[in-house]
Structures are given as C-alpha cells and as structure tokens.
Amino acid sequence: MIVVTGATGNVGSALVRMLAEAGEQVTAVSRRAAADLPEGVRQVTADLTDVQSLAPALEGAKQLYLLFAQGSFEADVPGILAAAAEAGVGRVVLQSSQGVATRPESASHGQLGKAVEVAVQESGLEWTILRPGGFQSNMFAWAEQVRSERTVAAPFGDVGIPFVDPEDIAAMAAAALREDGHAGRIYTLTGPVAETPRDRVRVLSEILGDTVQFLEQTPEEAQEQMLKFMPPAVVDTTLAILGHPTEDEVRVSPDVEQVLRRAPRPFAAWAERNIAAFR
Ligand SMILES: NC(=O)c1ccc[n+]([C@@H]2O[C@H](COP(=O)([O-])OP(=O)(O)OC[C@H]3O[C@@H](n4cnc5c(N)ncnc54)[C@H](OP(=O)(O)O)[C@@H]3O)[C@@H](O)[C@H]2O)c1
C-alpha cells in the first residue's frame, strides 16, 4: 500500500492516478474528500497537522509520499515519520523544493524546507527527496484573466525559468516509490527549457487560437496581488526567484531525463492538457 498525501493537489492527484494505473494499492490523503478518485483507490481524510488523524491512512502502508503545502506547514514532521515507521512504512519520498538549495536564507523556501528534509533524512526510513523548481501549474493564476479579458498581467516578462510540469514530478515520485535505486538521492526537477512569462502567454495564445495580451506589472503591483493569497515571506522569495533567479534556478536539470528516460515536458504540453481552464 502506497500512501499519497496532498492527494487532491497538482502533483498528488496525478500521482494517485499513475500509481492506480500501474496496479498499485493506493491510499489518498487530504483534509477534504477528493471528488474523482480512480476506481479502487482508498480515501482517508486526515490532517497532517494532527499526527493521530493519520493512523487510519498509515494502516498497512509500505511507502509514503509526503508533501507539506499551505495548510500543513505547521505539521510535526518527525512525529509523522515516527508514526509511519511504527505502522510499517519502509520508504518515504518527500516533495521538497529547489529553494532549499538556492534560497537557504529564506525562512519560507529555505529554512522550513531544510528542516523537513533533515527530519526525513534522520527518520531511519529509506528516503528520496524531490526538489522541484517553479510549477507550470502556477499559470492557473492567469486563467480567470485570460478567460474574461484575454490578458495576463505579470511581472518580469522577459526573465526565463524552466518551470516543471507537475505530471513530471508525479512520474518521478512514482519511480522513487515503486523502484529500487533511488534511496538517498536528491533530485532537482525542472522543465526542458527556460521560458519567460511572455513565451508562456504566446503558447496560450497559439493553443487558444486567440490573442492573449501580456501586460508587464511592476514588482510592487505583483506583490500587492500575491499578498492576497500568500504569506509575506513566501511572496518576497517568490518575487526574488521570478525577477532575479540564480544560475541554478535557470539551469535545466538532467534528473527527470535520467530517471524517466525521456525529456521533461514543455509548458505547451501542460497548457494543451489544461486549456479548458483558459477558454
Ligand atoms: N508551486 C510551486 O512553484 C512550487 C515549487 C516548489 C515546491 N513547491 C511545493 O509543492 C507543494 C505544493 O504541491 P501541489 O501544488 O501539488 O499542492 P496543492 O495543489 O497546493 O495541493 C495541496 C494538497 O495538500 C493537501 N493539504 C493541505 N493542507 C493539508 C493538511 N493540513 N493536511 C492534509 N492535507 C493537506 C490539500 O488538500 P486539502 O486542502 O483538502 O487538505 C491538497 O491535496 C508545496 O509544498 C510547495 O512548497 C511548489
């Protein structure tokens, strides 16, 4: 039995589907029930900030996919890992963030993420850590404006970063959960090419068959907008990455291709799959 936390999110929902298609027994964990789980997947609603609530999910589990999103940053990570080990879990795969390596000084991206990684590394379980860069699915934030006004207002229009497709993160997670040979490895996950916000808007225009205009926001305008749905520390580091990425943040990582034996997926593939949200 493989337990997937964050099971209704961008990565978790894809991972649950992939594992079920591969014939694995899967338990999907989130606080709210998932609407459309694949047949045969066991659903357990639990809260990562309440270790005891996880007990039914961990029953019979051998592998655990662990991620902490907004809503679970306060979790007792060593407590969860101890409960997992107690229940018989032998292998944990952690969804961390590239920011742990590239933004060590950041409280949100670097320090919190590092503490979680250390807890996993010291858990006594066999572990693999995935460090994705920015997600292609972050462009869902543009969907409403594209639908209603055929525009995208975003900062740093000409700064390119190789955002990763959550499906590729899920595929890497599935490999690390199911196959041997990934223990003790830290993988950096990116897309195949550094694309700018203007490039992504062009891709959306082409797939929609309609012009989407790009309006360059000032960093201050972007900050004001992002503060409506993200804590200030997260906004500051996110804007620093988007505007002034480090060399490592613009570099295409070889890890997806090495493990999956295929190139990472470009933004166009993500946009094709999700274009209904932008119509
Ligand atoms: N977006 C990026 O560019 C980026 C880059 C690098 C790393 N990351 C990392 O990726 C993670 C987000 O992944 P994602 O986009 O796949 O997630 P997501 O789409 O934001 O979904 C979050 C999932 O976690 C569940 N969840 C949240 N709080 C919970 C709690 N207290 N207990 C149990 N489940 C909880 C949610 O379901 P419920 O709300 O129903 O519980 C949902 O299933 C974060 O850790 C983020 O730091 C993101």
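Name the residues in segment 13-52 that are out of contact with any Lys or Arg (no Cβ under 8 Å at 6 or more places or on another chain), more than 8 Å from the ligand (Cβ to nearest atom) and polar (S, T, N, Q), would you?
Hits for segment 13-52 are Q43, Q52.
So, in segment 73-86, of the ones that are open to solvent by less than 10 Å² (accessible area, probe 1.4 Å) and farther than 20 Å from L19 by Cα, which residue ends up farthest from the ligand (Cβ to nearest atom)? Please lay out each step first, then the result.
So in segment 73-86, the residues open to solvent by less than 10 Å² (accessible area, probe 1.4 Å) come out as 80-81, 84.
Next, only the ones that are farther than 20 Å from L19 by Cα stay: 80-81.
Values: I80: 10, L81: 15 Å.
The qualifying residue farthest from the ligand (Cβ to nearest atom) is L81.
Table: residues versus (1) closer than 19 Å to E144 by Cα; (2) polar (S, T, N, Q); (3) free of Cβ contacts under 8 Å to residues at least 60 places away in the same chain; (4) loosely packed, with under 15 Cβ neighbours inside 10 Å.
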| residue | (1), (2), (3), (4) |
| --- | --- |
| V234 | no, no, no, no |
| T237 | no, yes, no, no |
| I241 | no, no, no, no |
| R262 | no, no, yes, yes |
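Please verify whether R200 is more than 18 Å from F267 (Cβ to Cβ) and of a type in the set (D, E, K, R), treating the condition exactly as stated. Don't jump to the end; show me each part of the working.
Working: more than 18 Å from F267 (Cβ to Cβ): no; of a type in the set (D, E, K, R): yes.
Here the answer is no, as R200 does not meet what is asked.
Looking at this structure, is V51 surrounded by fewer than 15 Cβ atoms within 10 Å (Cβ to Cβ) and of a type outside the set (S, T, N, Q)? Outline the logic, then answer.
Numbers: surrounded by fewer than 15 Cβ atoms within 10 Å (Cβ to Cβ): no; of a type outside the set (S, T, N, Q): yes.
The answer is no for V51.
Conditions: (1) under 24 Å from E179 (Cβ atoms); (2) open to solvent by 20 Å² or more (accessible area, probe 1.4 Å); (3) free of Cβ contacts under 8 Å to residues at least 60 places away in the same chain. R91 meets all but one. Number of the miss?
That leaves (3) as the condition not met.
What are the residues in segment 1-12 that are out of contact with any Pro (no Cβ under 6 Å at 6 or more places or on another chain) and either within 12 Å of the ligand (Cβ to nearest atom) or open to solvent by 30 Å² or more (accessible area, probe 1.4 Å) (or both), if any? So that I can check it myself, show each step before the final result.
First, the residues of segment 1-12 that are out of contact with any Pro (no Cβ under 6 Å at 6 or more places or on another chain): 1-9, 12.
Within segment 1-12, M1, V3, V4, T5, G6, A7, T8, G9, G12 qualify.
Within segment 5-23, track down each residue that is assigned to a helix (DSSP H, G or I) and of a type in the set (A, V, I, L, M).
First, pick out the residues of segment 5-23 that are assigned to a helix (DSSP H, G or I): 10-21.
Residues satisfying the conditions are V11, A14, L15, V16, M18, L19, A20.
Pick from segment 243-260 the residues that are part of a helix (DSSP H, G or I) and touching a residue at least 12 places away in the same chain (Cβ under 8 Å): which of them is surrounded by the most Cβ atoms within 10 Å (Cβ to Cβ)? Write out each step before concluding.
Here is the first cut: in segment 243-260, the ones part of a helix (DSSP H, G or I) are 243, 247-250, 255-260.
Of the ones still in play, those that are also touching a residue at least 12 places away in the same chain (Cβ under 8 Å) are 243, 248-250, 255-256, 259-260.
On the way: G243: 12, D248: 13, E249: 21, V250: 14, D255: 19, V256: 27, V259: 19, L260: 14.
Out of the qualifying residues, it is V256.
Kindly provide the set of residues from segment 133-150 that are over 11 Å from F278 (Cα atoms) and either charged (D, E, K, R) or in contact (Cβ under 8 Å) with a residue 60 or more places away in the chain (or both), ordered by number.
Taking segment 133-150 as the starting set, the residues that turn out to be over 11 Å from F278 (Cα atoms) are 133-138.
G133, G134, F135, Q136, S137 - these are the residues of segment 133-150 that are over 11 Å from F278 (Cα atoms) and either charged (D, E, K, R) or in contact (Cβ under 8 Å) with a residue 60 or more places away in the chain (or both).
Of (1) near the ligand (Cβ under 9 Å from one of its atoms); (2) surrounded by fewer than 18 Cβ atoms within 10 Å (Cβ to Cβ); (3) farther than 30 Å from V250 by Cβ, A69 satisfies all except one. Which?
Single failed check for A69: (3).
The values are calculated or read from the model by the stated rules, or taken from the named source; none is laboratory data. No experiment lies behind these values; they were computed from the predicted model shown. Here Cβ is always computed from backbone atoms with ideal geometry, including for glycine, and neighbour counts include all displayed protein chains. To get the accessible areas, we keep the full protein, side chains included, count just its heavy atoms, and leave off ligands, DNA and RNA. Shrake-Rupley method; radii C 1.70, N 1.55, O 1.52, S 1.80 Å.
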